[in-house]
Amino acid sequence: FEGQPRDPYAAGADSIWFVGQAGHYLARFTPSTKAIFKRDLDDKPGPHNLIVSTAGIVWYSGNLKGYIGRYDPDKDQLTKIAMPNPDAKDPHTLVFDADQQHIWFTVQWGNFVGRLKIADATVELIPAPTPRSRPYGIKIAPDGTPWIVLLGTNKLATVDPKTLELKEIEIPNKNARPRRL
């Protein structure tokens, strides 16, 4: 596959989804049949990653177009959820919370951490206090707290899911530049 395929997501033993960042597509590989399904994204959003809900809905980051995309493969229907702030032009890495009520994400060049409430498609953006900290990798801890790598610094961050308070945690090595957790 061309177009910079990346970030595979196993949505079951026989369904592996991935994006083509430079090729602007979503794709699914079915190992048992070796079949590949490809859905082109005509607006050329440069999808950075995708995640798939237990209901089979594919969510992807429209990294070049400032939105989070929702794809329903049963209906072949795309929906775009725009960022509420024009500075958040590059939603990046998406992760679900434990009950799939929210999608947490990073906005690397916009310097935000975001949360999308799936039920009503509202987006909340939390600014990172350190300029050009470049929020990148994100994981949800077992207690529901998002942990974020601030790629442009030697820091990690957490966000309280109840208050949306972001706290930065300095890594002792000033030269550390972690990318993913």
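The values are calculated or read from the model by the stated rules, or taken from the named source; none is laboratory data. Please read all numbers here as calculations on a predicted model, not as lab measurements. Reconstructed Cβ throughout: ideal geometry from the backbone, glycine too, with neighbour counts over all protein chains shown. These accessible areas exclude ligands, DNA and RNA; they are computed on the full protein's heavy atoms, side chains included. Shrake-Rupley method; radii C 1.70, N 1.55, O 1.52, S 1.80 Å.
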- What are the residues in segment 150-164 that are hydrophobic (A, V, I, L, M, F, W, C), more than 19 Å from His102 (Cβ to Cβ) and in a strand (DSSP E or B), if any? Leu150, Leu156
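In segment 55-140, which strands (runs of 3 or more DSSP E) lie fully inside it and hold 1 or more residues that are in contact (Cβ under 8 Å) with a residue 24 or more places away in the chain, open to solvent by 10 Å² or more (accessible area, probe 1.4 Å) and touching a His at 6+ places or on another chain (Cβ under 6 Å)? Before you say what the answer is, go through the steps one by one.
Values: elements: 58-62, 67-72, 77-82, 91-96, 102-107, 112-117, 122-127, 135-140.
Because the criterion is at least 1 residues that are in contact (Cβ under 8 Å) with a residue 24 or more places away in the chain, open to solvent by 10 Å² or more (accessible area, probe 1.4 Å) and touching a His at 6+ places or on another chain (Cβ under 6 Å), the strands (runs of 3 or more DSSP E) in segment 55-140 that meet it are 112-117.
Looking at this structure, is Lys167 assigned to a strand (DSSP E or B), surrounded by fewer than 20 Cβ atoms within 10 Å (Cβ to Cβ) and either in contact (Cβ under 8 Å) with a residue 60 or more places away in the chain or within 18 Å of the chain's Cα centre (by Cα) (or both)? Don't jump to the end; show me each part of the working.
On the way: assigned to a strand (DSSP E or B): yes; surrounded by fewer than 20 Cβ atoms within 10 Å (Cβ to Cβ): yes; either in contact (Cβ under 8 Å) with a residue 60 or more places away in the chain or within 18 Å of the chain's Cα centre (by Cα) (or both): no.
Criteria not met by Lys167.
Do you know which of the residues in segment 141-154 that are over 16 Å from Trp109 (Cα atoms) and in contact with a strand residue (DSSP E or B) (Cβ under 9 Å, 6 or more places away or on another chain) is most open to solvent (accessible area, probe 1.4 Å)? Show your work before the answer.
We begin by selecting, within segment 141-154, every residue over 16 Å from Trp109 (Cα atoms); these are 141-147, 154.
Retained after the next criterion (residues that are in contact with a strand residue (DSSP E or B) (Cβ under 9 Å, 6 or more places away or on another chain)): 141, 145-147, 154.
Values: Ala141: 27, Thr145: 27, Pro146: 0, Trp147: 90, Asn154: 16 Å².
It comes out as Trp147.
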- Task: Would you point out the residue of segment 12-54, among those that are of a type in the set (Asp, Glu), modelled with pLDDT of 95 or more and assigned to a loop (DSSP other than H, G, I, E, B), that is most open to solvent (accessible area, probe 1.4 Å)?
- Result: Asp14
- In the set Asp7, Asp42, the lone residue that is free of Cβ contacts under 8 Å to residues at least 24 places away in the same chain and charged (D, E, K, R) is Asp42
